[in-house]
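Single-structure report; data block below.
The values are calculated or read from the model by the stated rules, or taken from the named source; none is laboratory data. Predicted model, so just to flag it, every value in this text is computed and none were measured. Cβ: placed from backbone, ideal geometry, glycine included. Neighbour counts: every protein chain shown.
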Amino acid sequence: MHPYYLHPQHLEELVRGSGIDLDLARLNFMSLQGRTSYEYLLISEHLPRTNTGMVKSGWLQRYAHIAEGGWWCSGLDPLNHWKVMEWGCFKPNQPRLNENGKLIKYEHPPSTPTRLFCLRVSLRIWQQVAQRYNLSVPDHVNIDRNGEAEGFWQWVMERNIPIIICEGVKKAAALLTQGYAALAIPGITSGYRVIKDNFGKVLTRQLIPDLAAFAITQRIFYICFDFETQPKQTTAVNNAISQLGFLFQEKNCPIQVIELPGMEKGVDDFIVAKGASAFETVYRQSVDLEVYLAQVKPYTELTTPATLTLNRRYLGEIPFPTSGLVGVKSAKGTGKTTTLQTVVNQAKSRNQPVLLITHRIQLGRFLCEKIGIHWGIKEDTRKFSPSPFLPLSPSSSLGLCIDSLWKLNSEDWRGAIIILDEVEQSLWHLLNSDTCKDKRVKILKVFQQIISTVLSTGGLVIAQDADLSDVALEYLQGLAGLQITPWVVVNQWKPQRGWDVTFYDSPNPTPLIHQLELDLITGHKCYVTTDSRTGRYSCETIERYLKERLERLQQQFPKTLVISSQTTNTPGHEAVDFVADLNQKVTDYSTVFVTPSLGTGISIDVPHFDRVYGIFQGVIPDSEARQALARVRDDVPRIVWCAKRGLGFIGSGSTNYRSLSYWYQENQKENLALLSPLYKVDVDLPLVYDPIHLRTWAKLSARVNASITLYRQSMKDGLIADGHQIHIRSNDVQKNIIRDLRLAFLATDPNDLGNRKRLILEIFKVQKDWSQSRKKAKEIDTKIREIKRQNQLAVATAVANSKDIDYVEYEQLLTKHSLTDEERNQIKKYILRQRYGIEVTPLLKLWDDKGYYSQLLTHYYLTHESEFLRRRDKQEWYQQLSSGEGKVFLPDLKTNTLKVEALRALGALQFLEPEREFTENDADLLLLKNITFQCSKHIKRVLGINLSQEKEYISPIKILNRLLNLLGLKLKRFNNEVYRIDHERLYDGRQKIFTIWNQRDELMLRNLKSIEFDIADNSSAMKLGEIQQKPSYAGYTQ
């Protein structure tokens, strides 16, 4: 029946060792010996051969070990009508060693592209697969003379059956044995090809043709690679899953990741050891690719080998090299800044310049004072200099915020020491902050020149961070422009016990706020750190709530201080000079409320506070939140709440950096094509500034998105990894107590009246306490919401009532280092007036805070002359190219043509009739639903609407409502089946704004007929006409 002979040793390995069905093994595996092994393995036409066609002796000698025998496996060819594939896999009985001395367990035909294993199956295996997916086997399946049920994989393709991708043919066979449709690739990176140019630069990656043949029907793919424990292998597996998953996602195929729990390495080992039901459980627990990448926290690892490994409470003096790139990874509070003092003092003695670069002004001032160098640039040093750069003496040392780097001349820092403190956050600020946007390309250019100059002239770059990762070191290596091996010191010290952390696992922080209230009443000194200044659970809102609450209880409100970007830049406020004299001034306050403006690297070393509270809504990554909790160095209890899911996803929200980079590049390619449809545009080169910046931005963005996706879990895991003791407080605890008491009651003897009475009383007490705590939480939440509304209205009223200023006054205010509240309000009012063109009212300010401006712009450009929008987007390109000296940084581009044209293509205009009534069964709504499902990936990328997870139940009305939300509109139900556009939204005054914008645009177009923004055909660069003045379009403010 079976054509292949299997040696008993091989049969034992396959059937017993890997749990492969006997018939499946005999259909696909065969034992080879002697010259036959060469005939199966050395099949490539590219191998050197003699005149007679024999492979030359050198190759025969290299593969001499295969003559001792082994087993061979090959599958069916999806690209050649499912005929037997010549390519396959050979496992030798006596494997050879590679150049590193490791065994090569599996051999594949050399000089031959790797292929896919589509194994033959018996009818019984086919029936198992069909049963698993609730399908029937086709009638009249042909069984060949060897027992193969022909047509199985074609049936899998046609019925769109989910497929598991695994590494190694034995694993696919083991999964097929259990009724899973499984394909095997020979290695974790063998599912795709890397396409390079003549210089070795990676141009693109693409699925191998065999896999691409299966990825054409939005099929669900499961990736099931081996369980790994070594950091390097784990990183490699995660990268391979990320890349392979991204390529499948490009084909609109959903990706799930199966995580083997260990300790068995492969899925075949796992099934043999734990059983089929155990794998069934793991299979059902598989997670979406984005969630998986969030769980494994991509781009956070440091796998660069450590030159020096320590285990010290404090770093102390480190024997740094005198030149090169240095990385320092050491926990928070281990004296990283103090260690720098020795480096700086030695540099001063040699007259070697030192440049400290950081991302926050307050942090920079603090660090410079600590290590003994000057902070910032004195404006009078530039006043009489004809050079665009800051004039410096040969031994000048200073600290500077990243935003000001463009003022430096890289040549002034030859042989210098560059210190990048909190380098991970500093690089994120460099690549993503709004404050750098206007000069981002200039800043990136100067930063790259400084790093390259320093490292190529014998200087030293020190990058240090408690969370130092490969991303930062690889970025700096790339900027250097030369081969350089980082000198890395890793301090493995962790606190023996760490903090006692009470972690509130509740929907909102009201239980924590109640606990904070009780602590203040009892006289505890509290340090409260939050991730926002304004908002429902911000430091200002919570401080006001506590103040009102304690006054109502006739309790004295303790002396407090709010540290935020606003208070530290308000003349006369106590917070202005707080950081400069932190450890002396902090003891003047019983409670301090802080935002992220009190940056990382700053420490409160004096024992003063009794509690540290943390309230994090997910505005900052979990790593920054944990840094914020560590500002107080004293070992006092931490009480923490954070949101289950964070806020402010970057770009598409993907946790895969390749997907993020692709998202921006494709959007801008399509946007440019619409701006100039006669030209085929490629924005990769030369418009985009050095791709290393975009790639690093994408990795850091993916890291932020990963943190936001599972924010609470990431925070919890991070605290545990830092060595702290976590005590969970949640509603589940109360539920479990009540459940246990009830079970105890049911288990007691009915005659044991005393014990039963005690249990009943305990149940009632727990229920009463739980009810009271929920009531209290609801009261706090209601009051917090009220305070938030009051604060927002007060600010909106102050802005509306502030003095009107002109452009000159606006520009003058922007140059000031600190502003009064009135001056801030004047700036906000000026911006609102420029945006909307109408009188600024409190209501307009409140609407603007909720994103009204972008919604109105979309509505306006959708319903007005498209030339206005194209001109506006071309102006955006002009400004970016102008400030970037002919280059752009893609994430900074804010264009709308593609978004508006996508809405037009979906028929959004026809849905804006004010009196139209909509029902679920309207023909155009059903067509809209079909189009959005077919183009869900594109719609998500262009409009930011994700429909891919809701295909089974989302209604046409819901889809339409999602589209209308982009315009600031919504549907309102009039009866059970009929909807209309809400007139309160449609007639909210936007038509008056549109009229003003339209008049402004028409006037500008008449005045700018001679101005042309064109895009070159060959260079893909903007051809800018002679610009006499910068145009300003509807609602567009500089």
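When the range 228-247 is limited to residues that are touching a helix residue (DSSP H, G or I) at 6+ places or on another chain (Cβ under 8 Å) and under 20 Å from Leu175 (Cβ atoms), the one that is surrounded by the most Cβ atoms within 10 Å (Cβ to Cβ) turns out to be Gly245. Checking each residue in the range 224-250 for being touching a residue at least 60 places away in the same chain (Cβ under 8 Å) and either in contact with a strand residue (DSSP E or B) (Cβ under 8 Å, 6 or more places away or on another chain) or part of a loop (DSSP other than H, G, I, E, B) (or both) picks out Cys224, Gln243, Leu244, Gly245, Gln249.
So that you can scan it fast, the table gives a plain yes or no per residue for (1) hydroxyl-bearing (Ser, Thr, Tyr); (2) under 21 Å from Ser44 (Cα atoms); (3) more than 38 Å from the chain's Cα centre (by Cα); (4) in the same structural domain as Leu211 (by TED's automatic domain parsing):
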site	(1), (2), (3), (4)
Ser122	yes, no, yes, yes
Pro138	no, no, yes, yes
Glu167	no, no, no, yes
Ala181	no, no, no, yes
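Listed here are the residues, each with its yes/no results for (1) charged (D, E, K, R); (2) over 30 Å from Gly944 (Cβ atoms); (3) surrounded by fewer than 18 Cβ atoms within 10 Å (Cβ to Cβ).
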position	(1), (2), (3)
Glu779	yes, yes, yes
Arg789	yes, no, yes
Val840	no, no, no
Gln855	no, no, no
Tyr861	no, no, no
Glu865	yes, no, yes
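The residues on offer are Arg973, Arg941, and the sole one that is more than 24 Å from Tyr861 (Cα to Cα) and of a type in the set (Lys, Arg) is Arg973.
If you check Ile165, Ile195 for being at pLDDT below 90 and not in a loop (DSSP other than H, G, I, E, B), only one passes: Ile195.
Please tell me if Glu574 is of a type in the set (Asp, Glu) and under 20 Å from Arg533 (Cβ atoms). Judged against the criteria, Glu574 is a match.
Grab the helices (runs of 4 or more DSSP H) fully contained in the range 825-898, keeping just those with 3 or more residues being without any contact (Cβ under 8 Å) to a residue 12 or more places away in the chain and either closer than 26 Å to Arg440 by Cα or polar (S, T, N, Q) (or both).
Numbers: elements: 842-849, 852-863, 866-883.
The helices (runs of 4 or more DSSP H) meeting that bar number zero.
Is there a residue in the range 107-119 that is in contact with a helix residue (DSSP H, G or I) (Cβ under 9 Å, 6 or more places away or on another chain) and charged (D, E, K, R)? So far as the range 107-119 goes, yes, one or more of its residues are in contact with a helix residue (DSSP H, G or I) (Cβ under 9 Å, 6 or more places away or on another chain) and charged (D, E, K, R). From the list Pro321, Pro388, the one residue that fits, being modelled with pLDDT of 90 or more, of a type outside the set (A, V, I, L, M, F, W, C) and either at negative phi or surrounded by fewer than 16 Cβ atoms within 10 Å (Cβ to Cβ) (or both), is Pro321.
Can you find a residue that is assigned to a helix (DSSP H, G or I) and under 22 Å from Leu116 (Cβ atoms) anywhere in the range 40-59?
Yes, the range 40-59 has at least one match.
Do the conditions hold for Ile805, that is, is it in a loop (DSSP other than H, G, I, E, B) and closer than 30 Å to Gln910 by Cα? So Ile805 does not fit the description; no.
Taking the residues in the range 602-625 that are modelled with pLDDT of 90 or more and closer than 19 Å to Gly335 by Cα as candidates, determine which candidate is surrounded by the fewest Cβ atoms within 10 Å (Cβ to Cβ). Top of the filtered list is Pro607. Farther than 30 Å from Lys874 by Cβ and either touching a residue at least 12 places away in the same chain (Cβ under 8 Å) or part of a helix (DSSP H, G or I) (or both): is that true of Lys937 in this structure? Here the answer is no, as Lys937 does not meet what is asked. Could you tell me whether Leu302 is at pLDDT below 95 and under 26 Å from the mean Cα position of the chain (by Cα)? Here the answer is yes, as Leu302 does meet what is asked. Being of a type in the set (A, V, I, L, M) and surrounded by fewer than 18 Cβ atoms within 10 Å (Cβ to Cβ) is a description that does not apply to Val586. Is it true that Ile258 is under 28 Å from the mean Cα position of the chain (by Cα), surrounded by 17 or more Cβ atoms within 10 Å (Cβ to Cβ), under 22 Å from Gly168 (Cα atoms) and outside the structural domain of Ser456 (by TED's automatic domain parsing)? Taking the combined requirement at face value, the residue satisfies it.
Only one entry in Glu474, Glu422, Glu411 is surrounded by fewer than 18 Cβ atoms within 10 Å (Cβ to Cβ), outside the structural domain of Arg638 (by TED's automatic domain parsing) and within 26 Å of Asn311 (Cα to Cα), namely Glu474. In the set Gly614, Gly653, only one residue is in contact (Cβ under 8 Å) with a residue 24 or more places away in the chain, under 23 Å from Ser538 (Cα atoms) and outside any helix (DSSP H, G or I); that residue is Gly614.
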